[in-house]
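Below: the structure, in structure tokens.
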Amino acid sequence: MTLREYGPAVSVPLETEAGRALAASGIMERATPDPGREGHWLLRAGSRVGAVRTPGGPVVRIMPKTPVSRLFFLLGFSLDPARAWRDSREGTVDVGPYDEVVPALAHAVERQLDAALRRGVLQGYREVAESALVMRGRLRASEQIRRHHGRTPPVEIAYDAYTADTAENRILRAATERLLRLPGVPGPVRRRLAHQRVRLADALPLVRGQGLPRWQPSRLNTRYQPALRLAEAVLRGSSPEHRPAGSDPLAVDGFLLDMNKLFEDFVTVALREALRERGLTARLQDPHHLDRAGLVRMRPDLVVRGGDGRAPVAVVDAKYKVEKADGFPNADLYQALAYATVLGLREAHLVYAAGEQPERCHEVRGSGPDAHGRGVRLYQHSLDLSREPAQLLSGFREIAERMAAVTAMSPR
């Protein structure tokens, strides 16, 4: 069963349990029984793309509007803009010949895994605490007394083991096993993933219900880092068993990317990098309050500040979906004006995934002229996600140059 992102509702044959699971999961923008056809449900996909398996029902595939290769450029850049996949001349994460999200993801992760493990499985020191018949490392005196009342053997010891059972390898193993269970992974990719799973056999599996183990980027794990960031995206985006304990598990199983979140992450990270080149700083998800009492919270996607990181000079919000068929939605302008007002700014920017829509600039009436005779300005930019990566990034450089110019004009 195949749907299109934000496509028209489709009437599909579906068992009641499967339909209810889809409705309860929130994956679909619409999932209701079809009043005109018994045993059918009306399904309309929203911003999530990928594939899910319904309980006792079919696999539902949601195709993105954006080409898959471009989608993974957004993902790769958002995860780690400093690495090689940022180089727009060479493309992005390798998705192979696949034009669906899950096959492309599985191929990309396997290629990154192969590159990470090519020089062998990374090992590291890990503290081990155990009961043993011989003394090794350090005696855990308090445990020895508590458990054995001071008698030996066994002895309670702790020591540093040089092992492949590290946080990095656990994450890679868990992502590999997760992909092997997903619907729609092509046979050749599945076989290569199974081979990588064997290479990671010395890493212990993650415990269901616990969060992902923490790892720190270092010189030693440099070759692992691209694979690790992609593996974490797999686990956090699709795997109920690796979510924190207490979170509600989905009744459906699969991998989904939320295009709203992915676009927001890409815009804020790409613009932050472009601003950095011009000596400006940016804070992502900077928290503020609309009212003096601090009751109404607001969190702009990105607040641009001067080189010292203190005074804000502009605010940016990313909007993936354009609601109106004839242009940008006005409600977004009110939100941008609220941000500018609270932060005391003369301009705010909205960035849309809106294809070839022309840029618009609105000068707010009654906002009072600044030293240059201008009122508060609200800019609406559009990005065509089907464009080549280099063209996408050049658009952010243009926005950053405008903000840098505003900073230069501002009184010191």
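Relative contact order for the stretch 2-63: what is it in percent, counting Cα pairs under 8 Å that are at least 6 residues apart?
Here the relative contact order equals 42 percent.
Using the per-residue mean of other Cβ atoms lying within 10 Å as a proxy for protection, in what order, highest first, do the peptides 42-53, 213-224 fall?
Ranking the peptides 42-53, 213-224 by packing returns 42-53, 213-224.
Note the per residue figure in Å³ for the convex hull of the C-alpha positions in the stretch 2-63.
Hull volume over Cα atoms, normalised by residue count, gives 65 Å³.
Within straight cross-link reach of K321, meaning Cα distance under 19 Å, which aspartates and glutamates are found once same-chain residues fewer than 8 apart are removed?
In chain and number order, the partners are E5, E29, D258, E264, D265, D301, D332, E356, E359, D384.
Got a sec? How would R61, R138 order by Cβ neighbour count within 10 Å, fewest to most?
Sorted ascending by nearby Cβ count, the order is R138, R61.
Every number here is computed from the coordinates shown, using simple stated rules; none is lab data. Predicted model, so just to flag it, every value in this text is computed and none were measured. A quick note on method: Cβ atoms are made from the backbone with ideal geometry, for glycine too, and the neighbour counts reach across all protein chains shown.
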